[in-house]
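**Student:** Sharing a structure, written as structure tokens. Questions coming.
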Amino acid sequence: MSYIPKSWSAPAALVVAAALLIPIFAPDFMLFEFSIAVSYGIAVLGLNLLLGFSGQICLAQGALFGIGAYTTAILNVSFGMDPLLTLPFAAIVTSLTGVLIGLPALRLQGLQLAIVTFGVASAFPQLLLKADGITGGVTGLATDQPMAPQWFPGSLELWLYGLSLVCAAVSVLLFSRLLRGDTGRLMRALRDNPLIAEALGVSLTKARLAAFAASSALAGLGGGLFCILNGFISPQSFLPMKSIDILIGGVVGGITSMAGAFIGAVFIVFVPGWTTDINPALGGLIYGLCLIGMMIVARKGIAGVPIGDGLKALRRRINKRRQSRVPGILPGQ
Amino acid sequence: QDTSPGIANDTVKIGISGPLTGPVAALGAIADGIRTRIDPINSAGGIKMADGKTRKIELLVEDDGLDPQRTLTNARKLVEKEEVFALVATAGTPNNQAIGRYTTQRGVPNLFMYSGVHELAGPEWEMGFVPSFTTEAAIFAKYLLDNMPQAKIALLFLNTETGQTFQSALEGAISGSNVSIVAAQPVTSADPTVETQLSTLKASGADTLVVITGPKQGAEAVRFATESGWKPTTLVSNIAASIASLKPAGLENAKGVITSQFLKQVNATAPGDDEGVQRYLADHAAAQSKFSTDDALGQSGYAIGDALVKVLESMKAPTREAVMEAARNLDHVQLDLLLPGIALTTKSGEDVYPIESLQLFQFDGTAYQPLGEAISFEGKTPKH
Amino acid sequence: MAVQAAEENSPVLAVDKVDVRFGGIHALRGVSLNVREGEICGLIGPNGAGKTTLFNCITRLNTVTAGAIRLNGQALEPLPPRQIIRMGIARTFQNLGIYAGMTVLENVMLGAHHFSGGRFIDALLRPGRSRRIEQELKARCADVLADLGLGDVANVLAGSLPYATQKRIEIARALASRPALLLLDEPAGGLTHGEVAEFGDMVARVRETYGVTVLLIEHHMGLVMGLCDRVEVFHLGQNLASGKPEEVRANPAVINAYLGKSR
Amino acid sequence: MELFFQLIIDGLASGAIYASLALALVLIFRATHIVNFGQGEMATFSAYCAWQLCEWGVPIPLSFVVVGAASFLLGIFVFRAVVRPISKAPVEAIVVVTLGLFVSFQALCLWVWGADQRAFPSMFPSDGWDILGVRVTASVLGILLVLGCLAAAIGGIFRLTRLGLAMRASAYSSEKSLLVGIPVEKMLMLGWGFAATIGFIAAVLVGPRLFLSPTMMMSILLYALASATLGGWDSPLGAVLGGLLVGVAESLGATFLPFIGADLRVVIPIAVTLAILLVRPAGLFGTATVVKV
Amino acid sequence: MTILTVQGLHAGYGVADVLRNIDFAVERGTIVALLGANGAGKTTTLRALSGLIPSRGVIKFAGTDLRQCSAARRVELGLAHVPQGRGTFAEFTVEENLAAGAYTAGSKRQIAQDMERWYEAFPRLAERRRQLAGSLSGGEQQMLALARALMSRPKLLLCDEPSLGLAPAITQEIFEIFRQLNQEHGMTLLIVEQNADLTLQFADTAYVMEAGEITLNGKASDLLSDEAVQQSYLGV
Ligand SMILES: Nc1ncnc2c1ncn2[C@@H]1O[C@H](COP(=O)(O)OP(=O)(O)OP(=O)(O)O)[C@@H](O)[C@H]1O
Ligand SMILES: Nc1ncnc2c1ncn2[C@@H]1O[C@H](COP(=O)(O)OP(=O)(O)OP(=O)(O)O)[C@@H](O)[C@H]1O
Ligand SMILES: CC(C)C[C@H](N)C(=O)O
Ligand SMILES: [Mg+2]
Ligand SMILES: [Mg+2]
């Protein structure tokens, strides 16, 4: 049971279809919100790679997202680079930072890793303030106004949305390449039982850091995109809660699903707004209850339900049937 | 002339984005304060504007949790989906910076931003409200130069635009005198306690403590100064000095605290005979507002609502340009909650600061007593 | 043939006075053991004698406090655990070391992982190459599965299979790494008598086809006596006896410590 | 030098605050193997209820006792309503549920009582003494004393009693516990109840220092998590000592390490935690587990 | 008198049932063997009996219908289950494991007595009172699992492959203990074992399972001489 075909199942198809249909129905401001959601989605995808497929938790994903955003902003503001061209750098710089953050992961796992990385997320905005020489401190950084090229027929928002989708597509492509075949299997082995994996010749160091690097690269790409979309960033956008939001996005969407990453991102971008629309005073309460309800109804995330579950049940049934054909004693040759 | 979006013959839509949830949800009282002011007007039929029409105000409030990016999406949603006429009281400096470019390009008024830093990203379409932190720094400096010419200041400041602006303004204002800053310690709004910083400040041998932080750290500082047996002259920024927010520190500990104010003191149990205060209390009761009557943020919101009403009244055409025009040319406009002697004054092209006067007060254990008259910095608000 | 070969060849695996302590517990106290090329060597001993600990030392999951372990003359102690399989040692675990959430084939492919797999950069940038490698790997592992009679269940989740089948998957996985030395830790646990006999045949067959040397921990005396060329007995972390199965079975010390009276 | 000692005292004071929440977190972890991110917010809610009773004129001790008992019920309610339905869900889903509790309780307090900070009555006198120029206050000593006793009591219950053993077993593996006849669900329920009560006590201790507000506990969450990790998640005493260590390290580091300073003090708890974990992976007082395959 | 009656039992994992319509009974004070090939469903049967997996059908234990009882309640009623493989609390010490096993047992004194008794029976455990169960050797864990189950002084002991991973001498001893418990305390035992020769020597009656159904039952001595059984389960 390879994970790729599974993720490419119904939820993925739905997400792709929705992504393509959105520009037709959504007004500009909403297209903008969707673009923001896609940028988060890329970061959530990174988290899924780490959490869902290699079993390591990183609660600094929001900080890494911020590093991507600041890389883009600084390259643009201080070096005059075209924002679009900065994206690969955002991914690379963040990836390297991610490896640094991942170093403790070689010794720590689970809860402890979560808390240490959450500490990184908490320190991040303060570090940005401290390094105000390059980050602009509290004032933040305003980057070049994003602009659609001359030849582009649609609106600026459509252009940015298209750009986001391209980034997402690239991310999904890289993601699925990593999860296909040996590397993916290896990461899952790592997740399920590192001890055995090591006995099978897996280099834990290499695999863990690779997972961190890849995951952070995605966070960085998402962050760079986020910066381009907004045209302005400041430390206030990368508070520790952002990392928690990204985690929520991942889990609500489903941490072992690519489609889920984007579903989850849409959730964290839109649902808090909807709940305050229902009742401004009670918005937070409704959102909190919504999170709890969500997990009770769909414990494997939205992407795991209900289509996903049905498929799985079917698969299990098929397996069962095959299995019953296995003779109880050793088959002779 | 064309009519701008968001304004009809009988209504005008106003958008607000601010933190209704999360760690700084206290700022949500601003939106509530505005609503407190607007509700009675709507029930009375609306505002009579200078173009001859009477319009009701429709307030649309969005939560941004003080995240600038969410402020931007909110602003876009308000402008493009809800088609508001103007944004009001957007809270937070970076938040206003984040939407500056957008409001400028769209030509959407961003009125009475709740930020003590006024020089932001889109000067044409923006207007602040509360006095600049530089004004407050100047008035504190003036007090010290007049009364304690040898003062040694220990500064506890919020490590954001707020505190940094204040710090540099204070340094500027005391330069060349014998008043000096002997120690400065930053706090962040995430710091659970600030005793470490205060101990360090105390050890510096300062005789004056200046506090420019949020309400929580302000109250902690006031408590610390007494608890630790350190008795400096304490000056607290008006962001942190309302009686409501000092109460948890123990009001007896706050005795002697000096602050600068532009809003009247409100004491619900003894409202006194000030008409403005009485109207505020009546409106507060009628609107069943959540914030307590002595909440400085709610009061600020109420004042902003009041200012909004005044601006809309003097708007000569149903356009966004006209509202900016009106806001930029306020001439000694009195508000219910502004202290006597303090009024909104702006001048197109020259003066972007609506409130430039502050009055010093000292706490006597139950109430703030004025220390002299309001001091006006009209036209001379220090830039930063 | 195998028995003769065992006597002629130099040891593949040489364990020399190995000592292991866990805090206050002295689990191995200077045990020595040689396994010769091509033989099936049994390792028996009472519970807690240190058999599994020795396996763990060989595969570097535990560190030895003193002594040396050599494979074909090369010391194993300095190597990290993940190098062991590359040296040609593969093992199974006493309490099932399979990945229950993966299919049988995936489990086995993990065993062959070290041939080619695990290059993250290749996976990202050279999808063609990694796909080809994956195909090769799959073919090779399918062969192993077929050899062990697991062909039918290749795509079934390993966790849902009966205990004994899972143990067999582990052996398949170990074989997929093409080891020179195969360490089996109680592979026949939970098999019925009939199954044990077949299992013995399978191990013998595997030794021929894959040319492996086997070190086998087992409490099932029937299997040990029938299958092993030589048997080594541990007791309380020390060598108690060693020799041909029949000799060991007749050794009073072994009977006393391990086999019990009635056997 | 006086400053140095004063800072140590300050560090102990804030450390005691971190330790209070850490203790509640460790308790729930020990009893249910869940890190309840909403623990502090539930405690804040309880504290608000107590405050409200006081405002209505109920004597302080009585209201504390009443709310302490009610908190136990609150814990049980939360367990039954939201935790039990997902008890078999993967861990990340449970984490999100506790985050949901966090958001919900914070929003609930905000909705009912508003965001203004309130004065929470202190159990301790406001006395303070100057000892060789160093100021020590009664409230800090009081908090430390109460925490010490609580930690010892909780540790004792877990280590030495049948109930404690059963609770630990239930947290560790429900299947294995059922096999020996432990009513797992009841144990988990008790765990939630106890944790909510201890959380309330923590809120009572820190309330007067931090001022009662919906986000009171949120501001110390990271510090409390670091303290619990540092001390070892299965040791109540470790949580308290961890908290104190974090507090002192923070206080001294923020003052004497120029490149850190007060604005970067938030890195200190994590740096200290990381340093200690690298030496002792299970934390200072945590027990390392051995996994055999 | 029967202590356990099972009628029309269905159970499984998820979609399809592993057990289909199982009927059997266990007489009080007897030793019953449950034999069967790998994957026949023996473990599943025991798990259904002790309530670890949901099941349909009737399970009557000492007059009580177990369907209403949680797994924990079943232990209180006197049913103990030694699971297959390593069922100990790996994070607990040996002593704590035994104490947990005595959760439903009576007085402190009785518990202390029992503990001493099993320490005597398994001296290896006595040496390792403070060792974490997870770090014990496989066989040591098996002994611990057994001792832990016996701490609850069950009326009926369900034993899933008790000899798994045990040295021959210890296996022998354990069966002696079973016999002793059975004769001296009237404990009933239902034993799933692959070591069929040994089990059938000790057992009074036996059932044989194949593919989720019971295909054969009878006196243990009869089965010992049954040809089919000899072929697949006995080492003759
Ligand atoms: N990590 C550890 N910590 C402490 N003691 C340990 C550890 N690992 C093993 N031991 C002890 O070392 C001794 C040897 O254990 P080992 O697992 O090697 O036994 P074994 O010979 O494989 O026994 P079995 O036949 O029961 O599997 C045992 O007494 C065990 O309790
Ligand atoms: N967790 C599970 N999920 C799905 N199927 C399972 C699970 N556990 C067991 N099975 C299946 O149920 C059937 C019966 O298994 P069970 O463990 O009861 O057999 P058993 O007779 O005890 O065999 P063994 O001798 O291997 O212990 C097998 O086909 C097995 O594959
Ligand atoms: C008091 C706060 C509203 C000040 C805010 N932090 C700002 O920088 O504008
Ligand atoms: Mg072993
Ligand atoms: Mg079984």
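The values are calculated or read from the model by the stated rules, or taken from the named source; none is laboratory data. This structure is a prediction, so every number in the text was calculated from the model and none was measured. In this analysis, Cβ positions are derived from the backbone assuming ideal geometry, glycine residues included, and neighbour counts consider all displayed protein chains. To get the accessible areas, we keep the full protein, side chains included, count just its heavy atoms, and leave off ligands, DNA and RNA. Shrake-Rupley method; radii C 1.70, N 1.55, O 1.52, S 1.80 Å.
**Student:** Just need a number here: residues in segment D:251-267 that are within 12 Å of chain A (Cβ to nearest Cβ), part of a helix (DSSP H, G or I) and open to solvent by less than 20 Å² (accessible area, probe 1.4 Å).
**Tutor:** Total meeting the criteria: 3.
**Student:** Okay, moving on. Does segment C:97-115 contain any residue that is within 16 Å of ligand 4 (Cβ to nearest atom), farther than 20 Å from A:GLY184 by Cα and within 14 Å of chain E (Cβ to nearest Cβ)?
**Tutor:** No, there is no match, as no residue in segment C:97-115 is within 16 Å of ligand 4 (Cβ to nearest atom), farther than 20 Å from A:GLY184 by Cα and within 14 Å of chain E (Cβ to nearest Cβ).
**Student:** Pick out the one residue from E:ALA206, E:ALA228 that is more than 10 Å from chain C (Cβ to nearest Cβ), among the hydrophobic types (A, V, I, L, M, F, W, C) and either within 16 Å of ligand 2 (Cβ to nearest atom) or within 29 Å of E:GLY138 (Cα to Cα) (or both). Walk me through it before giving the result.
**Tutor:** Details: E:ALA228 fails: either within 16 Å of ligand 2 (Cβ to nearest atom) or within 29 Å of E:GLY138 (Cα to Cα) (or both).
The match here is E:ALA206.
**Student:** Out of all the residues in segment D:176-195, is one or more away from every other protein chain (no Cβ under 12 Å), assigned to a helix (DSSP H, G or I), open to solvent by less than 30 Å² (accessible area, probe 1.4 Å) and out of contact with any Phe, Trp or Tyr (no Cβ under 7 Å at 6 or more places or on another chain)?
**Tutor:** Yes, that holds for at least one residue.
**Student:** For C:GLY189, only one of the following conditions fails: (1) touching a Gly at 6+ places or on another chain (Cβ under 8 Å); (2) within 9 Å of another protein chain (Cβ to nearest Cβ); (3) away from ligand 1 (no atom under 16 Å from the Cβ). What is its number?
**Tutor:** Answer for C:GLY189: the failing condition is (3).
**Student:** Filter segment E:29-54 for residues that are open to solvent by 20 Å² or more (accessible area, probe 1.4 Å) and away from ligand 5 (no atom under 16 Å from the Cβ); which is farthest from E:TYR207 (Cα to Cα)?
**Tutor:** E:PRO54
**Student:** Return the residue satisfying two criteria in turn: it lies in segment E:35-85 and is under 13 Å from the mean Cα position of the chain (by Cα) and either within 16 Å of ligand 4 (Cβ to nearest atom) or part of a loop (DSSP other than H, G, I, E, B) (or both), and of such residues it is farthest from the other protein chains (Cβ to nearest Cβ). It would help to see each step written out before you state the result.
**Tutor:** Step one: of segment E:35-85, the residues under 13 Å from the mean Cα position of the chain (by Cα) are E:35, E:42-50, E:75, E:78-85.
Cutting the leftovers down to either within 16 Å of ligand 4 (Cβ to nearest atom) or part of a loop (DSSP other than H, G, I, E, B) (or both) gives us E:78, E:83-85.
Values: E:GLY78: 10, E:PRO83: 6, E:GLN84: 7, E:GLY85: 6 Å.
The qualifying residue farthest from the other protein chains (Cβ to nearest Cβ) is E:GLY78.
**Student:** Given E:VAL82, E:VAL94, E:VAL26, which one is crowded, with 23+ Cβ neighbours inside 10 Å, within 17 Å of E:LEU189 (Cα to Cα) and more than 16 Å from ligand 5 (Cβ to nearest atom)?
**Tutor:** The conditions single out E:VAL26.
**Student:** Still on this structure: Hand me the list of helices (runs of 4 or more DSSP H) wholly inside segment B:195-260 holding 2 or more residues that are open to solvent by less than 10 Å² (accessible area, probe 1.4 Å) and more than 10 Å from every other protein chain (Cβ to nearest Cβ).
**Tutor:** Counting at least 2 such residues, we get B:215-227.
**Student:** So B:LYS347 passes all but one of these: (1) open to solvent by 20 Å² or more (accessible area, probe 1.4 Å); (2) touching a Pro at 6+ places or on another chain (Cβ under 9 Å); (3) under 23 Å from B:ILE139 (Cβ atoms). Which condition number does it fail?
**Tutor:** Unmet for B:LYS347, out of (1) open to solvent by 20 Å² or more (accessible area, probe 1.4 Å); (2) touching a Pro at 6+ places or on another chain (Cβ under 9 Å); (3) under 23 Å from B:ILE139 (Cβ atoms): (2).
**Student:** Kindly indicate the residue of segment A:136-150 that is on the phi > 0 side of the Ramachandran plot and not in a helix (DSSP H, G or I) and also farthest from the other protein chains (Cβ to nearest Cβ) among those meeting that condition.
**Tutor:** At the first step, the residues of segment A:136-150 found to be on the phi > 0 side of the Ramachandran plot are A:136-137, A:140.
Among the residues that remain, those that are also not in a helix (DSSP H, G or I) are: A:136, A:140.
Values: A:GLY136: 10, A:GLY140: 5 Å.
The residue in question is A:GLY136.
Here is a yes/no grid of residues against (1) within 14 Å of chain C (Cβ to nearest Cβ); (2) open to solvent by 20 Å² or more (accessible area, probe 1.4 Å); (3) at pLDDT 90 or above:
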{"site": "A:PHE152", "(1), (2), (3)": "no, yes, no"}
{"site": "A:LEU165", "(1), (2), (3)": "no, yes, yes"}
{"site": "A:LEU173", "(1), (2), (3)": "yes, yes, yes"}
{"site": "A:GLY184", "(1), (2), (3)": "yes, no, no"}
{"site": "A:PRO194", "(1), (2), (3)": "yes, yes, no"}
{"site": "A:LEU229", "(1), (2), (3)": "no, no, yes"}
{"site": "A:PRO240", "(1), (2), (3)": "no, yes, yes"}
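**Student:** Further, regarding this structure: Does segment D:7-61 hold any residues that are away from chain B (no Cβ under 14 Å), without any contact (Cβ under 8 Å) to a residue 24 or more places away in the chain and farther than 21 Å from D:LEU147 by Cα, and which are they?
**Tutor:** D:CYS49, D:LEU53, D:TRP56, D:GLY57, D:VAL58, D:PRO59
**Student:** With respect to the numbered conditions (1) under 18 Å from the mean Cα position of the chain (by Cα); (2) at pLDDT 85 or above, which one is the sole condition not fulfilled by C:HIS114?
**Tutor:** Of (1) under 18 Å from the mean Cα position of the chain (by Cα); (2) at pLDDT 85 or above, only one is false for C:HIS114: (2).
**Student:** While we're here: Residue by residue through segment A:56-69, note down the ones that are out of contact with any Leu (no Cβ under 6 Å at 6 or more places or on another chain) and either free of Cβ contacts under 8 Å to residues at least 12 places away in the same chain or part of a loop (DSSP other than H, G, I, E, B) (or both).
**Tutor:** Hits for segment A:56-69 are A:LEU59, A:ALA60.
Results for (1) touching a strand residue (DSSP E or B) at 6+ places or on another chain (Cβ under 7 Å); (2) closer than 30 Å to E:ASP17 by Cβ; (3) not assigned by the TED database to the domain that holds C:ASN56, shown as yes or no for each residue.
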{"position": "C:LEU125", "(1), (2), (3)": "no, no, yes"}
{"position": "C:ARG132", "(1), (2), (3)": "no, no, yes"}
{"position": "C:ASP143", "(1), (2), (3)": "no, no, yes"}
{"position": "C:THR165", "(1), (2), (3)": "no, yes, yes"}
{"position": "C:LEU184", "(1), (2), (3)": "yes, no, no"}
{"position": "C:GLY200", "(1), (2), (3)": "no, no, no"}
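**Student:** Residues being in contact with a helix residue (DSSP H, G or I) (Cβ under 9 Å, 6 or more places away or on another chain) and more than 7 Å from every other protein chain (Cβ to nearest Cβ): count how many of those fall in segment A:279-299.
**Tutor:** 6
**Student:** Out of B:ASP283, B:ASP274, B:ASP306, report the one residue that is modelled with pLDDT under 90 and of a type in the set (Asp, Glu).
**Tutor:** The unique qualifying residue is B:ASP274.
**Student:** Residue by residue through segment E:133-161, note down the ones that are within 12 Å of chain C (Cβ to nearest Cβ), more than 13 Å from the chain's Cα centre (by Cα) and away from ligand 2 (no atom under 16 Å from the Cβ).
**Tutor:** Selection gives E:GLY134, E:SER135, E:LEU136, E:SER137, E:GLY139, E:GLU140, E:GLN141, E:LEU144.
**Student:** Could you grab me the full set of residues in segment E:126-158 that are within 18 Å of E:GLY29 (Cα to Cα) and among the small types (Gly, Ala, Ser)?
**Tutor:** The answer is E:ALA149, E:SER152.
**Student:** Does segment E:126-170 hold any residues that are among the hydrophobic types (A, V, I, L, M, F, W, C), open to solvent by less than 10 Å² (accessible area, probe 1.4 Å) and within 16 Å of ligand 4 (Cβ to nearest atom), and which are they?
**Tutor:** Of everything in segment E:126-170, those that are among the hydrophobic types (A, V, I, L, M, F, W, C), open to solvent by less than 10 Å² (accessible area, probe 1.4 Å) and within 16 Å of ligand 4 (Cβ to nearest atom) turn out to be E:ALA133, E:LEU136, E:MET143, E:LEU144, E:ALA145, E:LEU166, E:ALA167.
**Student:** Picking from A:GLY201, A:GLY154, A:GLY162, A:GLY133, which residue would you name as being closer than 30 Å to A:MET81 by Cβ and assigned to a loop (DSSP other than H, G, I, E, B)?
**Tutor:** Matching residue, one of A:GLY201, A:GLY154, A:GLY162, A:GLY133: A:GLY154.
**Student:** Ok, one more. Just give me the residues in segment A:203-227 being within 13 Å of chain B (Cβ to nearest Cβ) and under 12 Å from the mean Cα position of the chain (by Cα), in sequence order.
**Tutor:** A:GLY222, A:GLY223 - these are the residues of segment A:203-227 that are within 13 Å of chain B (Cβ to nearest Cβ) and under 12 Å from the mean Cα position of the chain (by Cα).
**Student:** So how many residues does segment C:36-91 have that are among the small types (Gly, Ala, Ser), out of contact with any His (no Cβ under 6 Å at 6 or more places or on another chain) and within 14 Å of another protein chain (Cβ to nearest Cβ)?
**Tutor:** So the count comes out to 5.
**Student:** Of all residues in segment D:268-278, count the ones that are open to solvent by less than 30 Å² (accessible area, probe 1.4 Å) and at the interface with chain A (Cβ under 7 Å from one of its Cβ atoms).
**Tutor:** Residues flagged as open to solvent by less than 30 Å² (accessible area, probe 1.4 Å) and at the interface with chain A (Cβ under 7 Å from one of its Cβ atoms) within segment D:268-278 amount to 4.
**Student:** Let me ask something additional. Of the residues that make up segment C:199-210, is at least one over 23 Å from E:THR44 (Cα atoms), over 18 Å from the mean Cα position of the chain (by Cα) and at pLDDT below 90?
**Tutor:** no
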